[in-house]
Every structure is written in C-alpha cells, then in structure tokens.
Amino acid sequence: MGKRTIVPFGPQHPVLPEPVHLDLVIEDEKVVEAIPSIGFIHRGLEKLVEKKEYTELVYVIERICGICSFGHGWGYCHAVEGLMNIEVPERAEYLRTIWHELSRIHSHILWLGLLADGFGFESLFMHCWRLRERVLDLFEKTTGGRVIFSVCKVGGVRKDVDKETLDEMVGVLRKMEIELKELTNTFMDDYSVKSRLVGIGVLSKEDAIELCAVGPMARASGVDLDIRLTGNGIYDKLGFAPCIETAGDCYARCAVRIREIYQSIDMIEEAVKTIPEGDIAVPVKGNAPKGEFITRLEQPRGECFYYAKGADSKFLERMRVRTPTNMNIPAMVKILQGCDLADVPMLFLTIDPCISCAER
Amino acid sequence: MSYVTKSPWIIHYDGSSCNGCDIEVLACLTPMYDVERFGIINTGNPKHADIFLVTGSVNEQSIKVVKQIYDQMPEPKVVVAVGICASSGGIFKECYNVLGGIDMVVPVDVYVPGCAARPEAIIDGVVKGLGVLAEKRAAMDKKPAAAAKAEAKEGA
Ligand code: SF4
C-alpha cells in the first residue's frame with residue numbers, strides 16, 4: 001500500500017474548457033476518492049426574475065449555457081406557457097423541435113471532439129469541430145446566431161423558416177452524415193481509441209439509478225430514461241425510440257451519443273416532411289397568473305426541469321432550473337473511484353459536463 | 001496578415017461565462033477559422049502565454065484565479081476581454097454574484113463586443129492585441145535605457 005497524496009485538478013486546466021476543481025486522493029497512481037468543488041461560474045441568474053419581466057427573462061435563461069441555449073429557452077417558455085395556459089401553434093412546436101435536435105447534433109459533435117482531445121487524438125478533435133461548423137451555419141441561416149439564438153419566445157417562435165431552407169437543411173445534414181460516418185467509425189472501431197474507452201469507468205445499472213444519473217450517462221448503463229418519450233414537443237409524431245446501451249463504460253456512453261446524432265438527423269428529416277403551415281406565435285398579453293408549473297425537457301446532456309411560479313404580475317415569483325450536469329456529478333465521482341490518474345480527464349469528460357449549466 | 005511578426009500564444013480562462021463565448025474561442029482554433037496557421041497556440045500554462053483571453057465576468061471565486069493567472073504571465077502581456085460579460089458584466093450585471101467586467105481585476109487592453117462574440121471578432125481582438133503587445137515591448141526596451149540615463153544623471 002502506497003502513501004496517499006492529494007492532487008488538485010483545475011480550476012484552470014488544459015482539458016477543461018470550464019473551471020471546476022477536483023481534489024483527487026491518489027494512492028500509487030490510482031484514484032481512491034475524488035472530491036469536486038464548484039462555484040467558479042455561479043452567477044445567480046435565477047434571482048433575475050425579480051428584475052426582468054417574464055417575456056424578457058427568456059434571454060437570461062438562454063444564457064444559462066451557450067451549448068444547449070435553445071433547449072433552455074424552450075423549457076422556460078414551455079413552463080410559462082403552461083402557467084398562463086397558452087396554446088402554442090403547431091408549426092412553432094415543429095420549428096422548436098427541429099432547432100432543439102440541431103442543438104443536440106451540435107452538442108454531441110462538440111463533445112466527441114472534446115473527448116478525442118481528452119484522450120490525446122488531436123486531429124480527430126479538429127475534424128469533429130470542423131463538421132460542427134456546418135450545423136452552426138444552419139443555425140446562423142435560420143436563426144441569425146451561431147450559439148445564442150433568442151428565437152424562442154413565450155407563445156411561439158420569433159422567426160419562420162421557409163420550405164426551401166428547411167429542405168436545404170436536410171440536404172446539408174445528409175451530406176454531413178457521410179463525413180460523420182468516417183469520424184464515428186474511428187471512435188467505434190479504431191484499435192487505440194477502443195483501448196482507451198472499452199471497460200473504463202463502468203457505471204452499473206443499479207448505480208446509475210441509485211445515483212440518479214440522467215441522459216446519455218444513464219442510457220449507456222441500460223436505464224430507459226428519455227424525456228422525449230413523454231411526448232413533449234412533437235416527438236410522439238416522429239417515431240422516437242431512445243438509444244440504449246448496456247455496458248455502462250466510456251465506450252457505451254460514446255456509442256449512445258453517436259447513435260443519437262444519426263437519430264436526430266432522421267427526426268429532423270421527418271419533421272421537415274410533415275411540418276404544417278400556419279402561424280408561428282400567438283400574442284401574449286397580461287400578467288403571469290398566480291400558480292406554478294413544472295415541465296421537463298430532454299437536453300443533450302439529459303433530463304432538465306423547469307419550474308415557474310407566478311404571482312399575478314409581470315414578474316415571476318420564482319424560476320428554477322435543475323440541470324442535468326448536477327445530477328451526473330455523483331455518478332462521475334463514483335466512476336472516478338479506482339481509476340488511473342491518467343484517465344481522470346477523459347472520465348470527467350464522458351459525463352459531458354456543462355459547468356455553467358450546473359452552477360448557473 | 002503579412003504584418004504578423006510574432007506568433008502569440010494565448011491562454012484562455014472562463015471567468016463566469018455561459019459557455020457561448022468559450023466555444024467560440026475554441027472554434028477560432030479549429031479548422032474553420034484556424035488561427036494555428038499563424039502560429040497562435042492555445043496553451044494551458046500561463047508562463048508560456050502572451051495574450052490572456054478572458055470570457056465571462058468575475059465573481060467572488062474566480063477573481064483570485066484570474067488574478068493569479070495574470071500575475072504568472074511574463075511581461076509584456078495583453079489582456080483581451082471576450083464578450084460583453086467580460087467587458088461589463090453584460091446580461092448578468094445585476095446578478096448578486098457578478099462583480100462586473102474583467103477590468104475590475106486586471107487591466108484590459110482590448111474589448112471584444114458581442115454576445116456571443118463571433119470568432120471573426122475574437123480573431124480581430126487578438127490581432128489588435130498584437131499591436132498592443134508590440135507597443136509594450138518597445139516601451140520595455142526603452143525603459144531600462146531611460147532608467148540608466150536617469151541614474152547616470154543622478155550620479156553626475
Ligand atoms: S457575452 Fe453572452 S455568450 Fe458570451 S459568455 Fe456572456 S452571456 Fe455568454
């Protein structure tokens with residue numbers, strides 16, 4: 001038995017795009033325990049409900065996170081619409097779903113790149129990010145923004161997308177798919193990549209349930225948990241079925257996300273085929289009534305809760321978001337126990353951490 | 001870009017941003033914008049860096065880290081504030097845990113506007129930073145000479 005040492009990891013660290021701090025208790029290169037400490041990016045934006053009207057707050061909520069910003073905007077709007085009993089036009093729901101799935105594609109490709117960087121495959125990282133730019137171009141064309149869009153508003157969406165652009169979008173995605181296949185084959189079949197992923201950081205199904213893991217993290221351990229199944233948006237019309245793997249290791253988490261990218265492309269194509277004509281928003285007037293509303297949304301990183309409490313005024317009384325990364329941190333601490341020190345950055349990345357979501 | 005005579009190395013730190021600007025900073029380094037072709041490299045070590053890119057505003061926790069990184073960087077150094085969060089606090093200005101822009105902690109040389117700042121704007125900011133870097137360098141070269149002169153005068 002060796003001596004125990006504590007190795008600090010972060011907050012400023014080359015593999016971390018965001019600051020987080022881990023104290024790693026190690027014994028002979030093996031991690032015995034990982035103690036996370038967070039709070040570097042806490043802004044306290046939920047408190048802004050007192051200063052911004054509910055129609056304006058959507059800009060703030062979108063900026064919880066720049067990667068899944070569309071989803072946050074949608075979740076918030078949905079919560080307020082539920083509170084005020086607003087029926088959103090169907091075309092708006094379709095457009096929201098399309099944008100949300102595009103965000104998922106962009107988020108997962110981004111993650112694949114970061115993972116490649118995490119295990120030291122730099123050119124793979126570059127190729128992933130090169131492909132991701134195509135998705136950002138689609139966003140820019142349809143919404144005007146690359147990472148922050150502000151197209152979702154209470155009552156619908158702000159911009160319509162015409163038929164040609166939607167068809168073009170599908171064309172671009174299908175073309176991208178061919179190139180993406182080459183990349184994902186590297187993740188799935190390459191000998192050296194596999195040696196870094198297979199059997200590393202196993203999270204059993206029981207642990208995943210016990211520790212309340214969400215999103216791809218839970219699905220890779222065989223837990224059938226996807227909020228899209230509950231039929232928010234128009235997912236029930238798109239023939240959606242969650243991607244599940246059972247191994248629970250890094251390879252399985254990678255596989256789940258890769259399959260979800262292709263699935264999202266299929267769903268976007270289906271949505272574009274069936275999108276109805278009509279209005280894209282209903283006018284919203286008056287105060288947010290007394291009452292509360294909770295809604296859930298499947299973000300790229302997992303299940304996300306939105307809670308809105310009205311107080312019969314232009315300002316909400318309380319707005320709360322429970323983000324997926326918060327729920328995955330206990331699972332991450334679990335898989336870090338007993339791993340090699342050299343695997344820490346990669347294991348940390350496989351939960352797809354979004355610290356700015358987690359701390360808000 | 002023929003006037004780039006020095007390839008600066010940058011270090012990036014996220015004060016308390018929403019990630020939007022961070023991924024745009026990373027996007028600058030990847031093939032679409034590819035600043036590496038000018039020899040601009042993102043390093044994780046403050047002692048290797050010439051330019052400090054900060055995204056997001058500062059809060060009680062990150063204030064120390066920003067200061068530490070800045071202090072560790074060798075002279076001459078340039079600070080580029082990326083995004084309105086880093087410039088002034090932006091949309092989070094009124095939040096209880098946000099103190100304000102980066103210029104509250106370290107002197108900022110270039111402000112890059114935008115929420116999120118576009119990669120083109122960030123690259124432009126870095127290139128502007130290069131100009132500042134050259135000026136600071138020239139000032140450093142002059143200083144010892146001027147100091148020596150003053151000393152010589154005093155002696156006489
Ligand atoms: S400037 Fe905007 S996009 Fe950039 S970190 Fe701040 S809120 Fe996010």
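Values in this text are rule-based calculations from the coordinates and carry no lab data. If you're wondering where the values come from, they're calculated on a predicted model, not measured in any experiment. All Cβ positions, glycine included, derive from the backbone under ideal geometry; neighbour counts span all protein chains shown.
Average partner chain C-beta neighbours within 10 Å, per residue of A:143-153? Could the numbers behind the result be given before it?
Numbers: counts 0, 0, 4, 7, 12, 9, 0, 1, 0, 0, 0.
Whole-number average of other-chain Cβ neighbours for A:143-153 is 3.
In this simple spin-label model, placing a label point 7 Å from the Cα along the Cα-to-Cβ direction at both A:Val7 and A:Asp340 gives a separation of 1.1 nm. Which lysines have a Cα lying under 28 Å from the Cα of A:Lys153, excluding residues fewer than 8 positions away in the same chain? Partners found: A:Lys47, A:Lys51, A:Lys52, A:Lys141, A:Lys163, A:Lys237, A:Lys273, A:Lys285, A:Lys290, A:Lys309, A:Lys314, B:Lys93. Karplus-based coupling profile of region A:60-69, in residue order and whole Hz: 6, 4, 4, 8, 4, 8, x, 8, 10, 4, with θ = phi - 60° in 6.51 cos²θ - 1.76 cosθ + 1.60 and x standing for Gly or Pro. Taking amide H positions as modeled 1.01 Å from N, with prolines and chain starts lacking one, the residues under 5 Å from A:Ala220 and 5 or more places away or on another chain are A:Glu245.
In order along region A:265-272, the Karplus-derived 3J(HN,Hα) couplings, from 6.51 cos²θ - 1.76 cosθ + 1.60 at θ = phi - 60°, round to 4, 4, 5, 5, 4, 4, 5, 5 Hz, and Gly and Pro are given as x.
With helices as the sole contributors, chain B gives -13500 deg cm²/dmol at 222 nm; each DSSP H run of n ≥ 4 counts as -39500 (n - 2.57), and the sum is divided by every residue.
Normalised by the number of residues in chain A, the mean separation of alpha-carbon contacts (under 8 Å, six or more apart) gives a relative contact order of 25 percent. Proximity of backbone amide H atoms, modeled 1.01 Å from N, is registered between A:Glu303 and A:Gly215 at under 5 Å, excluding neighbours fewer than 5 places apart on the same chain.
Evaluated with a Cβ-only charge set (Lys, Arg +1; Asp, Glu -1), region A:294-360 carries a dipole of roughly 380 debye about its Cα centre, given to the nearest 20. Working note: Karplus 6.51/-1.76/1.60 with θ = phi - 60° gives region A:49-59 the couplings 4, 6, 10, 10, 5, 5, 6, 8, 4, 4, 5 Hz, where Gly and Pro are set to x.
Which value, in debye to the nearest 20, gives the size of the charge dipole of the protein assembly as shown about its Cα centre, when Lys and Arg are +1 and Asp and Glu are -1 at the Cβ? Write out the running numbers ahead of the final one.
Details: 59 positive and 72 negative charges, 236 e Å.
Using Cβ point charges on Lys, Arg, Asp and Glu, the protein assembly as shown gives about 1140 debye.
Bridge orientation summary for chain B: considering DSSP beta bridges with both residues in this region, about 5 percent are antiparallel.
Average projected area of the Cα convex hull of the protein assembly as shown, in nm²? Before the final figure, lay out the partial values.
Details: hull surface 111.1 nm².
Mean orientational projected area (the protein assembly as shown, Cα hull): 27.8 nm².
Based on alpha carbons, the Rg and Dmax found for region B:3-155 are 16.7, 59 Å. When its C-alpha radius of gyration is set against 2.2 N^0.38 Å (N residues), region A:43-348 gives a value of 1.01. Region B:60-126 and region A:190-218 have their alpha-carbon centroids 36 Å apart.
Comparing B:Gly39, B:Gly125, B:Gly89 in a Gaussian network model of chain B, where Cα atoms under 10 Å apart are tied by springs, the biggest mean-square fluctuation is seen for B:Gly39. Only Cα pairs under 8 Å and 6+ residues apart enter the sum, and on that basis the relative contact order of chain B stands at 24 percent. The residue list B:Gly15, B:Asn42, B:Pro74 was ranked by how far each Cα lies along the charge dipole of region B:3-155 toward its positive end, using unit charges on Cβ atoms, and B:Pro74 comes out on top.
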